[in-house]
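Before any comments, here is the structure.
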Amino acid sequence: MIAANIDGDVVMMGVDQGQYYGITGVGSRVWELLEEPISIDGITEVICSEYETDPETCRYDMSTFVNDLIEIDLIEVVE
């Protein structure tokens, strides 16, 4: 995976798959957080402290986003 930050957005290319991906807005911040192992609760805590959102909605959105990244093999779960 090759990734670059362009004006706050993340643009990635899966070399093996030949696919391009783009992440914008809060998703770019989450991508940054995912550079190190972090739980959904950890992501939620950071995002709630940096953006105006309620924890329940944020946790749901972060869980959905992370699961989508897992499904397309952009990230993997570590213990």
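The values are calculated or read from the model by the stated rules, or taken from the named source; none is laboratory data. Note that this is a predicted model, so its numbers are computed, not measured. So basically every Cβ, Gly included, is an ideal-geometry build from the backbone, and we count neighbours across all protein chains shown.
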Exactly one of THR64, THR57, THR44 is in a helix (DSSP H, G or I), touching a helix residue (DSSP H, G or I) at 6+ places or on another chain (Cβ under 6 Å) and either more than 14 Å from MET12 (Cβ to Cβ) or of a type in the set (A, V, I, L, M, F, W, C) (or both), and that one is THR44
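Residues of the range 9-32 being part of a loop (DSSP other than H, G, I, E, B) and under 13 Å from the mean Cα position of the chain (by Cα), which ones? First the steps, then the outcome.
Within the range 9-32, the first condition is being part of a loop (DSSP other than H, G, I, E, B), and the residues that meet it are 15-18, 24-25.
Within the range 9-32, THR24, GLY25 meet the criteria.
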Please enumerate the residues belonging to the range 14-32 that are of a type in the set (A, V, I, L, M) and either surrounded by 15 or more Cβ atoms within 10 Å (Cβ to Cβ) or touching a Ser or Thr at 6+ places or on another chain (Cβ under 9 Å) (or both).
ILE23, VAL26, VAL30
Would you please list the contacts, defined by Cβ atoms under 7 Å and residues six or more apart or on different chains, that run from a residue in the range 46-71 that is within 24 Å of TYR21 (Cα to Cα) to a residue that is modelled with pLDDT under 95 and surrounded by fewer than 12 Cβ atoms within 10 Å (Cβ to Cβ)?
ILE70/GLU76; ILE70/VAL77
In the range 33-76, residue nearest to the chain's Cα centre (by Cα) [restricted to those that are surrounded by 13 or more Cβ atoms within 10 Å (Cβ to Cβ) and small (Gly, Ala, Ser)]:
SER63
